[in-house]
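K.L.:
So that we are looking at the same thing, I have put the structure below in structure tokens.
No value in this document is a laboratory result; all are computed from the given coordinates. Keep in mind that this is a model prediction, so the values were computed, not measured.
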Amino acid sequence: MHELGITQNVVTIVAEYANGTKVKRVLLEIGKLSAIMPDAVEFCFDICTQGTVLEGAKLEILEISGLAKCRQCGAEIPLEKPFGSCQCGSAHLDLIAGEELKIKEIEIEELCV
């Protein structure tokens, strides 16, 4: 399950960015064509955040649909799999979206002085 390693990296990056401040929420974008299972990331998140500034943080995942552009006619085609064909018959597609894994937002606690 490569999601464990991915989640560990996400937690490390967010913890470094938070610089010791408690993290309340993390929003990830995961492409549907990325071969990353959001449910597995959610499962691993609770384990990977134990003992860190992310412990107890809410994880939100926004799944990004697959989208490609046909090299022949320029049409944009929604994709459910990392391959497909255009209505013009061409199988020469360039992926536009669906393979991403992004830390989109981080919400940290405000410190009152």
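K.L.:
Report the number of Lys pairs in region 1-103 whose alpha-carbons are under 25 Å apart, with separation of 8 or more residues or on distinct chains.
P.N.:
Here the count comes out as 12.
K.L.:
What whole-number distance in Å separates the alpha-carbon centres of region 1-53 and region 90-107?
P.N.:
Distance between centres, Cα-based: 18 Å.
K.L.:
Turning to a different aspect of this structure: Taking the chain as the reference, fit the longest principal axis to its C-alpha atoms, fit the long axis of helix 38-48 to the helix C-alpha atoms, and give the angle between the two in degrees, 0 to 90, nearest 10.
P.N.:
20
K.L.:
Could you calculate, for the chain, the ratio of the Cα radius of gyration to the Kirkwood radius, expressed as Rg to Rh?
P.N.:
With Rg and the Kirkwood Rh in hand, the quotient comes to 1.14.
K.L.:
Moving on. Once the Cα atoms of helix 3-18 and of the chain are each reduced to a long axis, what angle between those two axes, in degrees from 0 to 90 to the nearest 10, is obtained?
P.N.:
Relative to the chain, helix 3-18 is tipped by roughly 60 degrees.
K.L.:
Still on this model: Could you pull the Cα extents of region 1-55 along its three principal axes, largest to smallest, in whole Å?
P.N.:
Cα spread of region 1-55 along its principal axes, largest to smallest: 33, 18, 15 Å.
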